[in-house]
Amino acid sequence: MRRKLVVGNWKMFGRLARNQALLEGVAAGVRDLRNTDCAVCVPYPYLAQAQALLQGSNVAWGAQNMSHHEEGAYTGEVAAGMLVEFGCKYVILGHSERRGLYHESDETVAMKFDAALKAGLQPILCVGETLAEREAGITEEIVARQLDEVVNRAGVKALEKAVVAYEPVWAIGTGKTASPDQAQAVHAFIRQRVAKLDGQVAQGLCILYGGSVKAANAAELFSMADIDGGLIGGASLVAEDFVAICRAGK
């Protein structure tokens, strides 16, 4: 049976004092969890704080993005090796906001994925469709294209060291949520697509749902056969809410 994983994505939120209370509250709230892994992906300036407060706890930490370059004249970018030095386990790649606002292509995301693995990070690969794409009936086509670019570059075995997060763009920060059946259908599609290449990798693959997950709907979503946890946005900024979601996965 696959372990559940719940990852908080803070986006561009955070202040030192507020972070401390939040991180300490989350660490205390999930201290006794045994079947669910928990993590937070914080803005770059707060990685040192997360490392200091979370080391030795039940909560891992990571970043929200990275460059595919190892080093060089890329002002403003952050390399995978830098994240490793701050104890990061995870890095979110291909989030819909990166794809949409910063025009990151499938190829760029795949290069970042490859670089993350080589540095020893566990990439959380985000895939998902817009409302227009869902209404056009091409959800599976979009998700397949995003996933295939990574598999073609890094190989299907690379997914053994990675996480996939399905995030329907139309359900992020909108208050809308895909129904459990809608989410399950896409998660099943992802697993089946990987299974065509390697059944063992598909069986062990951790696939998260990321679309307005809240304490009130987490348990039902996480009960679906192919939903292995959540990539949590706004609810991860309130310790009690995030802890409740983490505990829904046990």
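The values are calculated or read from the model by the stated rules, or taken from the named source; none is laboratory data. Keep in mind that this is a model prediction, so the values were computed, not measured. So basically every Cβ, Gly included, is an ideal-geometry build from the backbone, and we count neighbours across all protein chains shown.
Things worth noting here:
- Pairs where the first residue, in the stretch 171-194, is touching a residue at least 12 places away in the same chain (Cβ under 8 Å) and the second is among the acidic types (Asp, Glu) and not in a loop (DSSP other than H, G, I, E, B), C-beta under 7 Å, 6+ apart: Pro180/Glu220; Phe189/Glu140
- Count - residues of the stretch 207-234 that are surrounded by fewer than 20 Cβ atoms within 10 Å (Cβ to Cβ) and hydrophobic (A, V, I, L, M, F, W, C): 5
- Only one of Ala202, Ala195, Ala239 that is surrounded by fewer than 22 Cβ atoms within 10 Å (Cβ to Cβ) and farther than 17 Å from Glu140 by Cβ: Ala239
- The lone exception for Ala73 - which of (1) more than 21 Å from Pro123 (Cα to Cα); (2) crowded, with 20+ Cβ neighbours inside 10 Å it fails: (2)
- Verdict on Ala50 being modelled with pLDDT of 95 or more and out of contact with any strand residue (DSSP E or B) (no Cβ under 6 Å at 6 or more places or on another chain): no
- Which numbered condition Gly62 misses (of (1) in contact (Cβ under 8 Å) with a residue 40 or more places away in the chain; (2) more than 24 Å from Tyr102 (Cβ to Cβ); (3) surrounded by 21 or more Cβ atoms within 10 Å (Cβ to Cβ)): (2)
- The requirement of being of a type in the set (Asp, Glu), out of contact with any His (no Cβ under 9 Å at 6 or more places or on another chain), surrounded by fewer than 16 Cβ atoms within 10 Å (Cβ to Cβ) and at pLDDT below 95 is fulfilled nowhere in the stretch 149-162; no residue meets it.
- The condition of being buried (at least 19 other Cβ atoms within 10 Å of the Cβ) and among the polar types (S, T, N, Q) holds for Gln146.
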